[in-house]
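What follows is a set of notes on a single structure, which appears directly below.
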Amino acid sequence: MPTAYETTNISAVISENLKREKVLAWISKGNARETYRRKLQERQPGTGSWFLKSKPFQEWLVGDGETLWCPGIRTLVFIT
């Protein structure tokens with residue numbers, strides 16, 4: 001018969017496995033290729049050009065690979 005300690009550890013492992021399974025199910029739920037295709041079709045010409053032409057982005061683009069943080073509606077992180 002398992003000790004209280006062993007039972008607690010088994011419960012913790014089971015709990016972590018269930019969490020991991022839920023996260024994996026959530027991540028793999030969507031079809032990335034289809035979502036990309038759909039979003040690409042919805043894109044309006046010129047979208048984001050102000051950002052791509054901005055001095056901070058241009059400096060980052062030719063820089064030494066530092067992380068570029070772009071706070072706003074949804075945080076974007078670009079890493080080279």
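The values are calculated or read from the model by the stated rules, or taken from the named source; none is laboratory data. Predicted, not measured: the structure shown is a model, and the values here were computed from it. Cβ sites come from the backbone with ideal geometry, for glycine too, and all protein chains shown count toward neighbours.
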Problem set entry | Candidate set from region 41-57 (those that are of a type outside the set (A, V, I, L, M) and touching a helix residue (DSSP H, G or I) at 6+ places or on another chain (Cβ under 9 Å)); member that is surrounded by the most Cβ atoms within 10 Å (Cβ to Cβ) | Phe57
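Just a yes or no: is a residue in region 64-78 polar (S, T, N, Q), assigned to a loop (DSSP other than H, G, I, E, B) and at pLDDT below 90? It would help to see each step written out before you state the result.
Taking region 64-78 first, the residues polar (S, T, N, Q) are 67, 75.
Those left that are additionally assigned to a loop (DSSP other than H, G, I, E, B): 67, 75.
Okay, now just the ones that are also at pLDDT below 90, so 67, 75.
The answer is yes, given that some residue of region 64-78 is polar (S, T, N, Q), assigned to a loop (DSSP other than H, G, I, E, B) and at pLDDT below 90.
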